[in-house]
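Below is one structure, written out as structure tokens; the observations come after it.
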Amino acid sequence: MSEESRLLFDVPGPRARRRTRIATGASLVVLAGLLTLMIRQFAIHGELSAAQWSPFTQWPILRFLLTGIEQTLLVTAVAAAIAFPLGAVLALARLSRSRWLRGPARVYGELFRAVPLLLLLYVFLFALPRAGVTFPVFWQLVLPVALSNSAVVAEIFRAGVLAQDRGQAEAAYSLGMTYGQAMRWVVVPQAVRKLLPALVSQLVRLLKDSTLGYVVSYLELLHKAQVLGEYYHNVLPAYLVAAACYVLINGALSRTAGWLEHRQGPQ
Amino acid sequence: MGARTTAPIRTLAGAVAALALVTALTSCDSSGSSNSLPAPAGSGSGSAESFDQVIAGAPVADASAIPAGSLMAKIRSRGSLNVGGTDAAALFSLKDPVSGKLTGFDAGLAQMLARYITGKPNENLVTVTADTREALLQNGTVDTVFATYTITPARAQKVAFAGPYYSSGDAILVAASNNGIKTVTDLAGRSVCTESSSTAANDIKQYAPSAKVILFQTNAECEQAVEQGRADAYVLDQALLLGDQYRDKGVKVVGTPFTTEPYGIGVPLGSPEMKAFVNDWLKLIESDGSWAKLWQATIGTALTGQPPTPPVIGSAQGS
Amino acid sequence: MPRELTATLGQLGHGLLLTLAMTALAFTGALLLGVLLALCRISPVPPLRAVGTAYVTLFRNVPLLVLLVLFVFGLPDVGLLFSLFLTVTATMALYWAAFVCEVLRAGIRTVPLGQAEAARALGMTAAQCIRCVILPQALRSMVQPLANVFIGLALSTSLAAAVGVAELTGQTEFATLKYDDPLTGFAATTVVYVLITLSIGLLAGRIERRVAIRR
């Protein structure tokens, strides 16, 4: 039984168990009906025909999709390598005692959390070249993704540090530690461990953001699915396959987050 | 404590391993690329042989035609032409996802120009959108742009145009069963879609002000919207629409073009020698028949009749 | 010129209205569906729990853009053709419902186990326990995360521009193509988005203060 159920319900007695069994049966029937309806809808419109799906059984096509996954992972890795350290630095700046560090970090955070990523991409695509700043396509995708995510990462870090029991820092001060020492040895290590699941979730978001590569014509997974769909005239199957790939990759990442959370457990 | 700190490291190691696996899978298999699939209609592969023959028969410049220090000399020493274009425009520049081969009228011209300068049809395609073409030419990422690139005076402020090499115009694509739309005046009050990066949106506003304009990202999405009934019509260059009609029997092109779109070859503004050179090459391939043969092998597969007369070089405002 | 300017401003205003309408409708939908999903996930009926889990796993892991192109261009292929605005808004609601569901679950988890045990010891039923003891305490910790979902949803409506809805970002792109002046357009639109997120943040802060326990 899941944790919430343990919280919400008593151990069921015989009558509750019977009711649960009836509800189980009824919901299974409804679900089966919905599934049949969906499959029928697909079959009627010929979306289950072999011609629609056969391209995805051929190695060259799969290889084409795999290179898309490779590009998606590459964008994610590079953007994460920029966003996470930058976010940590920004969080420390916001927590610092100097107003000159706090102010700019705050403006940065508020701005980049408030601008839609697509708009930011357009800025890198249209506005910056006008100002004489141009990047290769790869960076036109990675930089906006990294900038936008770093602001969120900073917020996660900051919240984690602030959520610490104040007694921890106070104890450190009473031992004669300076502010920096207390941060370095007491507050940040505890916060980071607590935050790992949230950070992994952020990595999932970052990976999802990489789909915007289609705007800058960067050949990541979604764009590749688009090309395949256009070429073989099987748009629905192509996007479904891409969606499945994302579920697999992100599911693995989310599972890692859940596992980390579970390891720490409620104290 | 020790066990706990290893968790992120193990996760990281797993991610690295996964990345390595994908890389290995995608890079080790070189035999796969020669494996040919049954190509779908309209990819131009039915005429691929003659497409290849046209390129192979195209002229090569004398060494004397390429002055030292010019952009052409740079291209020649590099051995390939950096081309800004697209990989998703049927009949003009479409990439086979499996072999990576580009076919189409624009792609063919680019390969012929590459052959003219370097002796080999080596085209190095950089995918551009309508928004990035000028910037990539200006900062030297590409030497030329072949991308159904309409010559306009505004664009000519930023880049130089050789040509025009082809004359097209906005036409209308509707569902095959639709008999209510015949000309641009019939678009009034209808929902009309077009590619977000094209100039056609402004044309619709001008010729059918009461039409509701919907912008989609790609040609395929526009065509699909018409076929599915999400939009009543799709307005874009006739040549591209003919490609859609050729590939998909559910749609048809109606009427004649209502605008004139002279296509030019974008070259850097700072290399006037390149513009003159490309113009001379265009005149050469138009007079020796290569231009007409390429048209037959690409656009001609979707149209009946003889190749049109190419537009006069320099005839468009801005070229 | 001024007439053209007002026309453009009118279009941008229309885009803003679309953005706001989409945000409001999609958030309402996401809240309703999210509550339903959360109920499924905590229900004692195994198939419902499985459906809830599967739904959240699917919709949290597929990028919104993939869902949008799938629903806008894929669904008509199986005979389901709805208006563009409706399709996009529904897709957003479906996507964000998964996040709402997770916020609700996490909020319920913040309530100590002893609270529910105490309620049951007093003879409360499961429904009474949820309504009178757990939810009032859990809601407090949900305000901020729900506001984050709301902000995320408001920003994500810009993706609708990619599938043909001429909302704020789409109209900005359109105006940019027309006037060839990207800097002004993007700066103005950025200000509008900042205003939207700031007002959501302010609202959430106010609600949070109102429901906070004073210590």
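The values are calculated or read from the model by the stated rules, or taken from the named source; none is laboratory data. Treat the numbers as computed from the prediction; the structure is a model and nothing was measured. Virtual Cβ from ideal backbone geometry, glycine too; neighbours counted across all protein chains shown.
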*Subset of region A:149-187 (residues that are β-branched (V, I, T) and under 23 Å from the mean Cα position of the chain (by Cα))*: A:V152, A:V153, A:I156, A:V161
*asked:* Please return the ranges of helices (runs of 4 or more DSSP H) entirely within region A:1-81 where 3 or more residues are surrounded by 13 or more Cβ atoms within 10 Å (Cβ to Cβ) and under 29 Å from the mean Cα position of the chain (by Cα).
replied: A:3-8
*Only one of these is in contact with a strand residue (DSSP E or B) (Cβ under 8 Å, 6 or more places away or on another chain) and either among the aromatic types (F, W, Y) or within 30 Å of A:P12 (Cβ to Cβ) (or both): C:F150, C:F174. Name it.*
C:F174
*Pairs only if they're at least six apart or on different chains, beta carbon under 9 angstrom, first in region C:197-211 and more than 14 Å from every other protein chain (Cβ to nearest Cβ), second of a type in the set (V, I, T) and in a helix (DSSP H, G or I); list them, first residue then second.*
C:I207/C:V143; C:V211/C:V143
*Spans of strands (runs of 3 or more DSSP E) in region B:79-154 with at least 2 residues under 19 Å from B:P262 (Cβ atoms)*: B:81-85, B:144-150
*Subset of region B:124-136 (residues that are more than 10 Å from chain A (Cβ to nearest Cβ), at pLDDT below 85 and crowded, with 20+ Cβ neighbours inside 10 Å)*: B:R133
*Kindly provide the set of residues from region B:185-237 that are aliphatic (A, V, I, L, M), part of a helix (DSSP H, G or I) and within 17 Å of the chain's Cα centre (by Cα), ordered by number.*
B:A200, B:A220
*Which of (1) surrounded by 15 or more Cβ atoms within 10 Å (Cβ to Cβ); (2) out of contact with any helix residue (DSSP H, G or I) (no Cβ under 8 Å at 6 or more places or on another chain); (3) of a type outside the set (D, E, K, R) is the odd one out, the single condition A:P136 does not satisfy?*
(1)
*Out of region B:254-288, which residues are modelled with pLDDT under 85 and of a type in the set (D, E, K, R)?*
B:E261
*Select, from B:F216, B:F146, the only residue that is touching a helix residue (DSSP H, G or I) at 6+ places or on another chain (Cβ under 8 Å), surrounded by 19 or more Cβ atoms within 10 Å (Cβ to Cβ) and in the same structural domain as B:I285 (by TED's automatic domain parsing).*
B:F146
*Those residues that are more than 7 Å from chain A (Cβ to nearest Cβ) and farther than 21 Å from A:R205 by Cβ, I need them from region C:52-75; list them, please.*
C:G52, C:V72, C:L75
_Test of understanding: among A:V123, A:V161, A:V142, which residue is in contact with a helix residue (DSSP H, G or I) (Cβ under 6 Å, 6 or more places away or on another chain), in contact (Cβ under 8 Å) with a residue 12 or more places away in the chain and within 12 Å of another protein chain (Cβ to nearest Cβ)?_
A:V123
*Count, please, the residues in region B:67-106 that happen to be in contact with a Pro (Cβ under 8 Å, 6 or more places away or on another chain) and over 28 Å from B:G300 (Cβ atoms).*
2
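Yes or no, residue by residue, for (1) within 14 Å of chain B (Cβ to nearest Cβ); (2) touching a Gly at 6+ places or on another chain (Cβ under 8 Å); (3) at pLDDT below 85; (4) over 30 Å from A:L206 (Cβ atoms):
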position	(1), (2), (3), (4)
A:P12	no, no, yes, yes
A:A32	no, no, no, yes
A:T36	no, no, no, yes
A:Q52	yes, yes, yes, yes
A:R94	no, yes, no, no
*Out of A:L128, A:L90, A:L95, A:L118, which single residue is within 30 Å of A:C245 (Cα to Cα), in the same structural domain as A:R205 (by TED's automatic domain parsing) and buried (at least 16 other Cβ atoms within 10 Å of the Cβ)?*
A:L118
*Please state which one of B:G163, B:G189 is at positive phi and surrounded by 24 or more Cβ atoms within 10 Å (Cβ to Cβ).*
B:G163
_Those residues of region C:144-176 which are under 22 Å from A:G213 (Cα atoms), at the interface with chain A (Cβ under 9 Å from one of its Cβ atoms) and not small (G, A, S), in sequence order_ = C:L155, C:T157, C:L159, C:L168, C:T169, C:T172, C:E173, C:T176
*Given B:V213, B:V145, B:V226, B:V184, which one is under 19 Å from B:G243 (Cβ atoms) and β-branched (V, I, T)?*
B:V226
*Residue that is within 14 Å of another protein chain (Cβ to nearest Cβ), under 21 Å from B:E286 (Cβ atoms) and in contact (Cβ under 8 Å) with a residue 24 or more places away in the chain, where the choices are B:A88, B:A147, B:A110*: B:A147
*Hey, can you tell me all the residues within region C:118-127 that are away from chain A (no Cβ under 11 Å) and not in a loop (DSSP other than H, G, I, E, B)?*
C:A118
*Any idea which residue in region C:41-99 is surrounded by the most Cβ atoms within 10 Å (Cβ to Cβ), counting only those that are among the β-branched types (V, I, T) and under 18 Å from A:Q41 (Cβ atoms)?*
C:V72
*Please go through region B:170-216 and pick out each residue that is within 14 Å of chain A (Cβ to nearest Cβ) and in contact with a strand residue (DSSP E or B) (Cβ under 7 Å, 6 or more places away or on another chain).*
B:E195, B:S196, B:L215, B:F216
*Name the residues in region B:189-210 that are of a type in the set (A, V, I, L, M, F, W, C) and modelled with pLDDT under 90, would you?*
B:A200, B:A201, B:I204, B:A208
